[in-house]
Amino acid sequence: MHLPVMPEEVLRLLNVSRGGLYVDCTLGLGGHTEAILSASEGTRVIGIDQDDDALGLAHERLDRFGDRVLLVKSNFSEIKEVLTEEPDGVLADLGVSSLQLDSDTRGFSFRFDAPLDMRMDPASGGRTAAELLEELDETEIANIIYQYGEERHSRRIARRIVEKRKAGEPVTTTTELAELVKRSVRFNPKDKIHPATRTFQALRIAVNDELGSLERLLEALPGCVKPGGRVGLISFHSLEDRLVKQAFKNGAVWNAVTRKPLQASEVEVQENPRARSAKLRVALRVGDPSETTQDGANRSETGTHSSRRWSKRPRRRPADRDPRLSGEEQGW
Ligand SMILES: C[S@@+](CC[C@H](N)C(=O)[O-])C[C@H]1O[C@@H](n2cnc3c(N)ncnc32)[C@H](O)[C@@H]1O
């Protein structure tokens, strides 16, 4: 069962209780979408996923909401092509779902012996993880494992992969790769995760071009969301979080709702270990910059967030403040 990460925080910070149209860019098993649709009668959701299996299961789960929900198979980087009206909010809960990780045939996990595929959308015709290991040179493989997996032993792992390839024994299954990594890295008793975890994560990110898709989504969002609308991104990797943080710095487009990323509570992490490394950032779409008056105030609804207005707001005692949220979220 895939539990949605930080559902209460997502609903609150995306202002979902006020109804409106939302886009869930990463539908998965529909956990966040279900929470959004249940939050208020008038809410509608467009749920996007590139994984047919996820879309099928989410369809069953969300059927009772009728025409308040529309499911679309697409890469979220194509969000503009999917939309016919500007949404009030957009959510993306990045990365892989437990449906994918728990599959014994799709190659996301070394818990099952399976072909090294790892494509979220096998119909895309993109390269599988096995094909990447077959076609890339040693340095390219090492760079992927180092950058996306933060694996210190990336060079040694890449060397062994290429050695096997040259010997006519390319790595083609999850078990072969996990064994190779285990033999390549020094055992560290402090390591709480399997030594192959970082390498598998890195390959998955590369196979699905996860950072490229996120970059394209972040570029598209300003042209999609209503002025005054909100976007929330949940990332699980420092490279993803850095891209989101950087995009939200563009003050002509975004007003950060979360000054610092929100993290799941200890209670949630105990129930849902996947939430441990999750970081939620939310931003509000400011009005069209061309509508901005000379004094910096904005004529649209979001004009109330101009810097002049900020400086006039009364300050609260530090003890009342949540340093992760912007002043507006705290009502000052
Ligand atoms: C972490 S899960 C989402 C779980 C969901 N929030 C829930 O509560 O059930 C991520 C989902 O996003 C999908 N996904 C990842 N990258 C995508 C992309 N670029 N375009 C479309 N879907 C994507 C995956 O296939 C996966 O089903």
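Just need a number here: residues in segment 82-97 that are more than 8 Å from the ligand (Cβ to nearest atom) and either surrounded by fewer than 21 Cβ atoms within 10 Å (Cβ to Cβ) or at pLDDT below 95 (or both).
Number of matching residues: 5.
Do any residues in segment 203-232 that are closer than 28 Å to residue 15 by Cβ have Cβ atoms under 7 Å from those of residues that are near the ligand (Cβ under 10 Å from one of its atoms) and part of a strand (DSSP E or B), where the two are at least six apart or on different chains, and which pairs are they?
Close Cβ pairs (under 7 Å, with a partner that is near the ligand (Cβ under 10 Å from one of its atoms) and part of a strand (DSSP E or B)) amount to 217/92; 232/91.
Are any residues in segment 52-81 surrounded by 11 or more Cβ atoms within 10 Å (Cβ to Cβ), closer than 18 Å to residue 36 by Cβ and more than 10 Å from the ligand (Cβ to nearest atom), and if so, which ones?
59, 62, 65, 68, 69, 70, 71
Inspect segment 128-146 for any residue being in contact (Cβ under 8 Å) with a residue 40 or more places away in the chain and surrounded by fewer than 17 Cβ atoms within 10 Å (Cβ to Cβ) and give the result as yes or no.
no
Can you tell me which of (1) over 15 Å from the mean Cα position of the chain (by Cα); (2) closer than 24 Å to residue 101 by Cβ is the one residue 223 doesn't meet?
(2)
For residues that are more than 12 Å from the ligand (Cβ to nearest atom) and within 21 Å of residue 61 (Cα to Cα), tally how many sit in segment 1-16. Spell out how you get there, then give the answer.
Within segment 1-16, the subset more than 12 Å from the ligand (Cβ to nearest atom) is 8-9, 11-16.
Those left that are additionally within 21 Å of residue 61 (Cα to Cα): 8, 11, 16.
The total comes to 3.
Kindly state which helices (runs of 4 or more DSSP H) lie completely within segment 208-294 and contain at least 3 residues that are closer than 30 Å to residue 130 by Cβ.
Details: elements: 210-220, 238-248, 266-271.
Ranges flagged: 210-220, 238-248.
Return yes when residue 157 is closer than 30 Å to residue 245 by Cα, buried (at least 17 other Cβ atoms within 10 Å of the Cβ) and either aliphatic (A, V, I, L, M) or within 16 Å of the ligand (Cβ to nearest atom) (or both) and no when it is not. Break it down stepwise before answering.
Working: closer than 30 Å to residue 245 by Cα: no; buried (at least 17 other Cβ atoms within 10 Å of the Cβ): yes; either aliphatic (A, V, I, L, M) or within 16 Å of the ligand (Cβ to nearest atom) (or both): yes.
For residue 157, the condition - closer than 30 Å to residue 245 by Cα, buried (at least 17 other Cβ atoms within 10 Å of the Cβ) and either aliphatic (A, V, I, L, M) or within 16 Å of the ligand (Cβ to nearest atom) (or both) - is not met.
So residue 119 fits all but one of (1) assigned to a loop (DSSP other than H, G, I, E, B); (2) within 22 Å of residue 58 (Cβ to Cβ); (3) touching a residue at least 24 places away in the same chain (Cβ under 8 Å); (4) more than 12 Å from the ligand (Cβ to nearest atom); what number is the exception?
The failed condition is (4).
If a residue has to be touching a Lys or Arg at 6+ places or on another chain (Cβ under 8 Å), crowded, with 21+ Cβ neighbours inside 10 Å, of a type outside the set (A, V, I, L, M) and within 20 Å of residue 147 (Cβ to Cβ) to count, how many in segment 233-285 make the cut?
Result for segment 233-285: 1.
Could you say which residue among 255, 250 is in contact with a strand residue (DSSP E or B) (Cβ under 8 Å, 6 or more places away or on another chain) and modelled with pLDDT of 95 or more?
Values: 250 fails: in contact with a strand residue (DSSP E or B) (Cβ under 8 Å, 6 or more places away or on another chain).
One residue alone meets the criteria, 255.
The values are calculated or read from the model by the stated rules, or taken from the named source; none is laboratory data. Please read these numbers as outputs of a predicted model, since none were measured by experiment. Ideal geometry is used to build each Cβ from the backbone, glycine not excepted, and the neighbour counts take in all protein chains shown.
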